[in-house]
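Inspection log for the structure reproduced underneath, given as structure tokens.
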């Protein structure tokens with residue numbers, strides 16, 4: 001990889017990988033290189049990685065981190081994912097801030113986050129680790145990254161591996177033995193929503209038991225039917241004393257009713273009652289975003305498909321253009337259209353006088369000559385079968401042709417794609 005990229009500095013490090021800022025020696029562009037700590041034995045093992053499969057399926061999308069290249073060294077077994085370089089993550093954006101972001105900016109970021117979740121879930125993938133550190137921004141663009149924990153929405157439950165950072169973990173992840181769905185991503189996104197707005201985590205539990213306690217302190221204990229569903233998916237039984245819940249703390253005065261409505265829908269305790277990403281995009285909270293998006297699409301169409309200008313002489317001659325765009329543009333002559341210069345033409349053609357004919361009767365076609373020929377006995381000619389050249393037989397012309405040999409170029413295994 002050193003022959004293609006130059007290391008600039010370290011961006012961060014996780015349990016399974018290290019992220020470096022790299023510069024391409026080919027074009028001088030900067031990228032984020034995710035160097036895996038695990039070593040791989042074959043290209044097949046690399047291609048089976050869920051993270052690579054997910055990024056290839058989801059790219060390109062304006063709110064999903066772009067995978068630029070996959071670099072695999074067969075000798076050492078090292079693997080690196082070359083991705084686009086972003087400015088920072090949401091955690092870095094809000095860390096140490098004294099004043100929250102404007103509601104317009106929060107709305108803009110959350111709309112993009114819901115767009116990324118909708119695109120992902122529509123493509124049969126759920127993230128399982130949505131948190132501020134995995135949501136990247138560059139200027140006003142938000143992108144979801146780190147698909148190392150993702151799974152297929154069609155994969156078989158229960159899920160056994162450790163998932164989701166505790167503060168953003170949905171109740172079904174905490175209270176069942178791995179029986180959860182893509183709805184867990186919406187819970188996590190709701191927790192991020194609150195944190196961006198208030199600069200404080202919504203449920204900062206010290207451990208799993210404290211995490212459930214923090215959730216109950218705010219939104220109360222769930223309905224009996226919800227607990228019954230969870231109990232069916234857990235070996236160990238549990239019961240909670242009834243708690244009403246204090247409600248979501250409003251740390252800032254800028255919370256609108258629509259903002260709170262969407263937040264409550266995202267952190268609904270029962271996953272069956274929780275909003276989907278597609279439904280969230282249609283929420284009244286995002287009315288301005290949808291209107292702006294619609295206007296941008298209309299402007300884009302207008303730029304690429306401008307209206308045809310009307311010839312001035314048509315307007316001068318009294319021709320009118322229908323303004324109704326839903327109908328086809330049609331030209332209607334005005335009432336005061338001047339007569340064109342030229343020879344005078346009669347308004348009616350003279351009637352033809354047909355001598356000897358007073359009425360046209362039904363017309364019979366003349367007799368056609370026989371297809372069998374004169375004097376034929378109307379027997380169909382014998383059709384001789386065509387002589388077909390079999391797969392193992394060759395014509396004289398084919399025998400002289402020598403087959404060409406084609407050589408396909410060898411595939412380089414070290415590179416990848418989007």
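Some notes on this structure:
- Paramagnetic reach from residue 210 in the stretch 110-132 [backbone N under 20 Å; point 7 Å along Cα→Cβ]: 132
- Extending 7 Å from Cα along the Cβ direction at residue 104 and again at residue 123 yields two label points whose distance is 3.1 nm.
- Placing one equal scatterer on every Cα of the stretch 66-132 and applying the Debye formula, the log10 ratio I(q)/I(0) at q = 0.24, 0.27 Å⁻¹ is -1.19, -1.23.
- Under the simplified labelling scheme, the residue 84-residue 240 pair shows an inter-label distance of 4.0 nm, with each label point 7 Å from Cα along Cα→Cβ.
- Once the Cα-Cα distance is subtracted from the 0.36 nm per residue extended length, the residue 296 to residue 76 segment shows a gain of 74.3 nm.
- Global geometry of the stretch 29-179, whether rounded, prolate or oblate, following the gyration tensor of its Cα atoms and the 1.5 cut on a/c: oblate
- Counting every other Cβ atom within 10 Å of each residue's Cβ, 259, 83, 114 order from fewest to most as 259, 83, 114.
- Full extension of the chain between residue 224 and residue 26 yields a length gain of 65.1 nm, computed as 0.36 nm times the residue separation minus the alpha carbon distance.
- Computed over the stretch 88-295, the alpha-carbon pair-distance distribution with 10 angstrom bins reads 8, 36, 38, 16, 2, 0, each value a whole percent.
- Point-to-point label distance, residue 233-residue 278, nm (Cα→Cβ direction, 7 Å offset): 2.0
- Translational diffusion of the stretch 112-174, µm² s⁻¹ [Kirkwood Rh, Cα pairs; Stokes-Einstein; 37 °C; 0.692 mPa s]: 259
- Annotation: peptides 24-35, 95-106, ranked by per-residue average of other Cβ atoms within 10 Å with the highest first, follow the order 24-35, 95-106.
- Summarised as an ellipsoid, the stretch 5-84 has semi-axes of 19, 17, 12 Å, derived from the eigenvalues of the Cα gyration tensor scaled by 5 and square-rooted, with the largest first.
Every number in this text was worked out from the coordinates using simple rules, so none of it is lab data. Computed from a predicted model, the values in this text were never measured in an experiment. Using ideal geometry, Cβ is built from the backbone for each residue, glycine included, and neighbour counts are taken over all protein chains shown.
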